[in-house]
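Here the structure comes first, spelled out in structure tokens, and everything after it is commentary.
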Amino acid sequence: MIANLKVIAPLYGGMGLAREDGTYFVKGAIPEETVEARVVEKKRDYTVAETVSLVQSSPFRIDPPCPVFGQCGGCHYQFIEYDKQLIMKQEIICDCLKRIGKQSDIPFEDALFGEPFGYRKRAQFKIVNGLIGFFRENSHEIIQFNECLLLCDELNNVYKHLRNIDLPPGIRDITFTSGDSVVAHFGGSSIDESFCQMLLSDNIIHGYTTDDGKKNGLEYSRFPMGNLQYTASSQGFLQSNWALNIKIAEFIYESYTSIIAGNEMSEHENVSKGKMKRLIDIFGGAGNFSLSLSSLFKEILIIEENGYSITDGIRNTQLNNIRNIEFHHSTSDDFRFPGTASAIIVDPPRVGMTNRTIEKIRKLAPQHIFYISCNPATFSRDILKLTDMYNLSTVRLIDMFPQTYHCEIFSRFELK
């Protein structure tokens, strides 16, 4: 069935919203375009459709630069001018905050963004029947390519090498991390270590680990972080758009510096001698944000579930001679929070925070909360449970993943 549809708004997930004898979620269309779309699936409350031809095209439509765009499942927005991508993502965030979070006056700041291509420092390549690449969207079919426009040069060079050699059976996927060196993790039930050793000997990679516990060479890669050193192993968390991650860390640092300068010796803020008392960093990884904040707090507690990130984080504090950060290998639900905290940073996965974690934060009642989210819907759901106690003072789009529908949200809350 073919429907003639006018798209009126962007939707999270790479779709566009249309209303024509019902509600349609349309793939491959830009707001204000009229398209002919093929019905793919009928749901209870809406119909999913896919653009097959343009009736009225948007001035923001461009030719996607990647020859496998539309086949590979990695990108969603390459056919849209980048400035328009930013506008669409901000509209999606705004809609979620109004519709789910019940926010009427949203304190948006200018979007924070970096390079639209070549930004990824980590990638996982899938392997099926000797072919290596990325999955086609919603399938396990391998899509191969000459280069991925989102990856840094080092990762593209590794991929080109692997595509042109015979791959042994038993490897399901390979995750590469590229900082000052390239380290790899091989996933699968039966890893041929001689293959890993060959890549190491040929200087394609500089270290590896495997699912079955084998390892050789470097265990981590280093990344610049101002005057600090940051390390990440292939199994620990790394924000793959590292350049933009640095900008977020700088923004948080500047925010806390401003808070301290404005509240020196305030009993309410627990600020003394240029430092706040305690920061709790929930889902804190290997110190992604907290390392650079260590000079502003007397004590920082990082709660993290990933044991590899804990190992990376302890290494990071040792390399930088930081002694006031404690790592706790725990879920936020299970962690026993201390009695007080000056501030909290929370950077949860896409599912957002649990009710139990939110209740713990409410009971602690820190003066400041910085919430970094990668899902506008769960972010909006969570803040609805905070805004009776807190004022939402800042919302900012962080375009961590250009050319995709994914977006990060930076927000700041102040205790009423």
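Here, each number is a calculation from the coordinates, and none is a lab measurement. Computed from a predicted model, the values in this text were never measured in an experiment. For neighbour counting, all protein chains shown are included, and Cβ atoms are generated from backbone atoms with ideal geometry for every residue, glycine included.
Sorted ascending by nearby beta carbons within 10 Å, beginning with the fewest, Met1, Met225 become Met1, Met225. Taking each DSSP H run with n ≥ 4 as -39500 (n - 2.57) and averaging over every residue of the chain yields -7000 deg cm²/dmol at 222 nm. What residues from the range 296-311 fall in the zone where the backbone N is under 16 Å from a label point 7 Å along the Cα-to-C-beta line of Arg323? Hits in the range 296-311 for Arg323 at 16 Å: 296-300. Projecting label points 7 angstrom from Cα along Cα→Cβ for Lys215 and Glu91 puts them 4.8 nm apart.
State, as an integer percentage, the relative contact order of the range 1-133 based on alpha-carbon contacts under 8 Å between residues 6 or more apart. Walk me through the numbers before you get to the answer.
Values: 198 pairs, mean separation 20.6, N = 133.
For the range 1-133, the relative contact order is 15 percent.
Out of every Cα pair in the range 1-117, what percent are spaced more than 20 Å from each other? For the range 1-117, the fraction of Cα-Cα distances above 20 Å is 46 percent.
Taken along its principal axes, the alpha carbon cloud of the chain reaches lengths of 66, 59, 33 Å, longest axis first.
I'd like to compare 293-302, 31-40, 127-136: which one has the highest average count of other Cβ atoms within 10 Å, and what's the full order after that?
Highest to lowest by the protection proxy: 293-302, 31-40, 127-136.
When Cys72, Cys196 are sorted by how many other C-beta atoms sit within 10 angstrom of their C-beta, beginning with the fewest, the order is Cys72, Cys196.
Applying a threshold of 31 Å to the alpha-carbon distances of Lys121/Lys277; Lys27/Lys214; Lys98/Lys416; Lys89/Lys275; Lys6/Lys89 flags Lys121/Lys277; Lys27/Lys214; Lys89/Lys275 as lying beyond it.
Over the range 1-60, the alpha carbon radius of gyration divided by the compact-protein estimate 2.2 N^0.38 Å works out to 0.96. The alpha carbon convex hull volume per residue for the range 242-415 rounds to 112 Å³.
Taking other Cβ atoms within 10 Å as a rough exposure proxy, Met353, Met389 sort from fewest to most as Met389, Met353.
Across the chain, the relative contact order, built from alpha-carbon pairs under 8 Å that are at least six residues apart, equals 13 percent. Once both labels are positioned 7 Å from their Cα atoms along Cα-to-Cβ, the gap between Thr331 and Tyr253 label points is 3.4 nm. What's the extension gain from Glu193 to Leu131 if we count 0.36 nm per residue and subtract their Cα-Cα distance? Residue separation times 0.36 nm, minus the Cα-Cα distance, leaves 20.4 nm.
Other residues within the sphere of radius under 11 Å centred on the Cβ of Met389, judged by their own Cβ, net out at +2 (K and R +1, D and E -1).
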